[in-house]
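Chemist: Got a structure for you, written out below as structure tokens; questions coming shortly.
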Amino acid sequence: MIRELDRDIWVAEQPLRYFGLNVGTRMTIIRLSQGDLAVISPIRPTPEMVAQIGKLGEVGHIIAPNLYHYLFAEDFKKLYPKAIFWATSGLNLKKPNFSIDRTIGIDDDVLWDGLEPMFFDGFKTLDLRGFVPLNEWVFFHTATRTLILTDAAFNFDESFPALTQFAARLIGGYKNLSPSLLERVATTEKERVRRSVVKILNWDFERVIMAHGSIVEEKAKQKFKLGYEDFLGEPILL
């Protein structure tokens, strides 16, 4: 269930269908410098997963990184009541019954040593409600030079079902570390996105983890830059 990518960083994956497509979903676990664990974008906890996490350490932080990836954060909070439940801004309004402890970017008195957060400004997606902001936070794990995204980019390949591959070829995200057509249509404030991308590219990352798609282990920074140049329709100058 949980697999190690590098020292102090693990991922766990589960099946997920979205708009009828098998896109899968992924959470990331980081052991912070002080020894406790941060769980980013929690997926459905299972007894096997909980047992494996127990061998890694104590969960100190549960992070809902955008307004879509929060479904199992409450389940994790119940399993690890001493952990701090961090959420992106607006989730308290979307889910007023959630036991959110702190809002990322506002309650900054406690930082995650070794894990840098950044708000992806101006980024939106298209769903049944229309154009909606994702309010996504992205993260950089400095020790392993890993960029951790949620829905800011996809990267589907041959490991996914044929129908998912076909859809990704049509709307984006097939062997191309980039957003899909849904975000391309919904995101109108491209200059704000460009500024966010430039900040991300100033991080020295060589790996990219995303919630949906295959992890990029080689030339990840170059692929991210090319994907967003295509998304923005212009070169990104650093």
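Chemist: Can you tell me the convex hull volume per residue for the range 142-218, based on C-alpha atoms, in Å³ to the nearest whole number?
Modeler: Enclosed volume per residue, from the Cα hull, is 86 Å³.
Chemist: Calculate the spin-label point distance for GLN34 paired with VAL198, positioning each point 7 Å from the Cα along the beta-carbon direction, and give it in nanometres.
Modeler: If labels sit at VAL198 and GLN34, their model points lie 3.4 nm apart.
Chemist: Now for a separate question. Classify the range 63-133 as rounded, prolate or oblate, taking a ≥ b ≥ c as the square roots of the eigenvalues of its Cα gyration tensor: rounded when a/c is under 1.5, otherwise prolate if a/b is larger than b/c and oblate if not.
Modeler: Oblate shape, in that a/c is at least 1.5 and b/c is the bigger or equal ratio.
Chemist: Considering only the other residues whose Cβ falls under 14 Å of the Cβ of LYS223, what net charge follows from Lys and Arg at +1 and Asp and Glu at -1?
Modeler: Net local charge, LYS223 excluded: -1.
Chemist: In deg cm²/dmol and to the nearest 500, what is the mean residue ellipticity at 222 nm of the chain if only DSSP H runs of at least 4 residues count, each as -39500 (n - 2.57), divided by the residue total?
Modeler: -7500 deg cm²/dmol
Chemist: Give, as a single signed number, the net charge of other residues whose beta carbon lies under 11 Å from the beta carbon of PHE154, with Lys and Arg counted +1 and Asp and Glu -1.
Modeler: Numbers: positive: LYS175; negative: ASP151, ASP157, GLU183.
Every neighbour counted, the sum reads -2.
Chemist: What nm distance separates the two modelled labels at LYS175 and GLU58, each placed 7 Å from Cα along Cα→Cβ?
Modeler: According to this spin-label approximation, the distance is 4.8 nm.
Chemist: While we're here: Of the residues PRO179, PRO45, PRO15, which exhibits the maximal mean-square fluctuation in a Gaussian network model of the chain defined by a 10 Å Cα contact cut-off?
Modeler: Comparing PRO179, PRO45, PRO15 in a Gaussian network model of the chain, the most mobile one is PRO15.
Chemist: Same structure, new question: Antiparallel DSSP bridges in the range 66-219: what percent, to the nearest 5?
Modeler: Of those bridges, close to 65 percent are antiparallel.
Chemist: Zone of GLU191 (label point 7 Å along Cα→Cβ, backbone N under 16 Å): which residues in the range 114-131?
Modeler: 121-123
Chemist: Specify whether the C-alpha gyration tensor of the range 28-164 places it in the rounded, prolate or oblate class, a ≥ b ≥ c being the square roots of the eigenvalues: rounded for a/c under 1.5, otherwise prolate if a/b is larger than b/c and oblate if not.
Modeler: rounded
Chemist: Where Rh denotes the Kirkwood radius from the mean inverse Cα pair distance, what is Rg over Rh for the range 1-104?
Modeler: The Rg/Rh ratio comes out at 0.96.
Chemist: While we're here: Considering all alpha-carbon pairs of the chain, what whole percent are spaced by more than 25 angstrom?
Modeler: 38
Chemist: Sum up the lysine pairs in the chain that clear both bars: alpha-carbon distance under 13 Å and a spacing of 8 or more or different chains.
Modeler: Value for the chain: 5.
Chemist: Continuing with the same structure: Work from the charge dipole of the range 19-153 (Cβ charges, +1 for Lys and Arg, -1 for Asp and Glu, about the Cα centre) and give the residue of GLY90, VAL132, GLN52 farthest towards its positive end.
Modeler: So the residue we want is GLN52.
Chemist: Pull out the extension gain between ASP157 and MET1, defined as 0.36 nm times the separation in residues minus the alpha carbon to alpha carbon distance; nm, one decimal. Walk me through the intermediate numbers first.
Modeler: Numbers: separation 156, 0.36 × 156 = 56.16 nm, distance 2.08 nm.
Stretched fully, the ASP157-MET1 segment lengthens by 54.1 nm.
Chemist: Here is a further query. Average projected area of the Cα convex hull of the range 44-94, in nm²? Please report the intermediate quantities before stating the final value.
Modeler: Numbers: hull surface 14.1 nm².
Spelled out: convex hull of the Cα atoms, projected over all directions, averaged, 3.5 nm².
Chemist: Using alpha-carbon pairs under 8 Å, 6+ residues apart, how would you state the relative contact order of the range 1-123 in percent?
Modeler: Rounded, it is 17 percent for the range 1-123.
Values quoted throughout were computed directly from the atomic coordinates according to the rules given, and no laboratory measurement underlies them. All of these numbers come straight from a predicted model, not from anything done at the bench. For neighbour counting, all protein chains shown are included, and Cβ atoms are generated from backbone atoms with ideal geometry for every residue, glycine included.
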